[in-house]
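Nothing in this text is a laboratory measurement; each read-out follows from the coordinates by a stated rule. As the structure is a computational prediction, the values presented were derived from the model and not from experiment. Cβ atoms come from the backbone with ideal geometry, glycine included; neighbour counts cover every protein chain shown.
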Amino acid sequence: MVRAAEVKFGVEVECFVPQAVARRFPAGGYHRGTQLPHTPEGWNGQRDGSIHPEPGYSPVEVVSPTLAGEQGLTEVFYILETLRAVGARVNGSTGLHVHVDASQLTYDQINDLKATFTVYEKAFYGLCGETAEARWHNTTYCARSDRWYSNGCRYQSLNVSNWYPGQNEKNTVEVRVFGGRIDAEYVVTAIHMAVSLVAGIRNGQKATGGRIENPVEAARAFIGAYWSKLDNRIVPDCSTAEMARILLDNCRQANI
């Protein structure tokens, strides 16, 4: 039995910072990040041409090292609080991506993951709240499941291209549906959703049937199936009720 606390993950936070503090958040090359000063080892800034900042701001994609458990969430919280403190912002061009270690998944489990994600897909989009509709119709960077066309395409709501042998060395799956945000409650909830889904699949927990079309009902089903189990929570004694409230409240605002 694998526990979510043992499952490695990483995040990519797309945002833009005031130009006055841009030197604290240097954007290195695409996929060739520069270590961010005064942050834990491995946190780096990268350039991403899809980010369109407001005047007076500089774009940066803040990328984590490999993280796990409560310590990993603590680092995420610290980085987000740092971004908020300097006045970082997001808009419709920014996203939040969560990578989860999939090196222990089999080919059949990858297929189970894709099928299960599809069932709860609207809950994942629904976490975006009022911006869910824009993400739902975004075919450029996070195409929803009925528009998936290749396991080798990374610009899908669930990107599995990093897992397939011969693609690269990451061995991860990536949830790309989340809109850009820098508030810790939202980001931690997103991480819990992605990690608990992979942990559940590793433990043989999969869903069948088609996509649940109502975001609130999809969220309730996901909460009942995954967060009701201690092993599917990164921090078993965390406030699951608070995460559930955030997810449900946002899904009620999601026009998808």
Long-range tail of P(r) for the chain (Cα pairs > 36 Å, %) = 7
Evaluate E = 1/(1 + (r/R0)^6) for M1 and A241, where r is the Cβ-Cβ distance and R0 equals 25 Å; express this FRET efficiency to the nearest 0.05.
-> 0.55
Ascending count of other beta-carbon atoms within 10 Å, so fewest first, for S145, S50 | S50, S145
Under a cut-off of 16 Å between alpha-carbon atoms, report the lysines in cross-link reach of K170, not counting same-chain residues fewer than 8 places apart.
-> K8
Using θ = phi - 60° and the Karplus curve 6.51 cos²θ - 1.76 cosθ + 1.60, what whole-Hz ³J(HN,Hα) does each residue of the stretch 10-22 get, with Gly and Pro shown as x?
-> x, 10, 10, 10, 8, 7, 9, 10, x, 4, 5, 10, 4
Along the stretch 124-134, what does the Karplus equation 6.51 cos²θ - 1.76 cosθ + 1.60 (θ = phi - 60°) give for ³J(HN,Hα), rounded to whole Hz, x for Gly and Pro?
-> 5, 5, x, 4, 6, x, 5, 8, 4, 4, 5
With +1 on each Lys and Arg Cβ and -1 on each Asp and Glu Cβ, how big is the dipole of the chain about its Cα centre, in debye rounded to the nearest 20?
-> 320
Taking the Cα atoms only, what angle lies between the long axis of helix 184-202 and the longest principal axis of the chain, rounded to 10 degrees?
-> 40
What are the GluC sites (Glu not before Pro) within the stretch 209-256 that DSSP puts in a loop, where the Cβ has at most 10 other Cβ atoms within 10 Å?
-> E213
Between H137 and E185, what is the label-to-label distance in nm when each label sits 7 Å out along the Cα-to-Cβ direction?
-> 2.8
In whole Hz, what ³J(HN,Hα) sequence does the stretch 241-253 give by Karplus (6.51, -1.76, 1.60; θ = phi - 60°), x for Gly and Pro?
-> 4, 5, 4, 4, 5, 4, 4, 5, 4, 5, 5, 5, 8
Counting sequence-distant residues (5 or more places) and residues on other chains, those with an amide H built under 5 Å from that of G180 are T94, G95, L96
Would you mind checking which residues have amide H under 5 Å from K8's amide H? H placed 1.01 Å from N; only 5 or more apart, or other chain.
-> D101
What value, in deg cm²/dmol to 500, does the helix sum -39500 (n - 2.57) over DSSP H runs of n ≥ 4 give at 222 nm once divided by the residues of the chain?
-> -10500 deg cm²/dmol
For the stretch 158-220, what class follows from the C-alpha gyration tensor (a ≥ b ≥ c being the square roots of its eigenvalues): rounded when a/c is under 1.5, otherwise prolate if a/b is larger than b/c, else oblate?
-> oblate
Say R0 is 51 Å: what FRET efficiency, to the nearest 0.05, do E54 and S150 get from their beta-carbon distance?
-> 0.90
Would you mind telling me the antiparallel percentage of the DSSP bridges in the stretch 4-253, rounded to 5?
-> 95
Most exposed first by the Cβ proxy, i.e. fewest other Cβ within 10 Å, how do V2, V173 rank?
-> V2, V173
For I201, I256, what's the fewest-to-most ordering of other Cβ within 10 Å of each Cβ?
-> I256, I201
Between R144 and residues 5 or more places away or on another chain, the pairs with built amide H atoms under 5 Å apart involve S157
Which of the chymotrypsin sites (Phe, Trp or Tyr not before Pro) found in the stretch 124-204 are loop residues per DSSP with 10 or fewer other Cβ atoms within 10 Å of their Cβ?
-> Y149
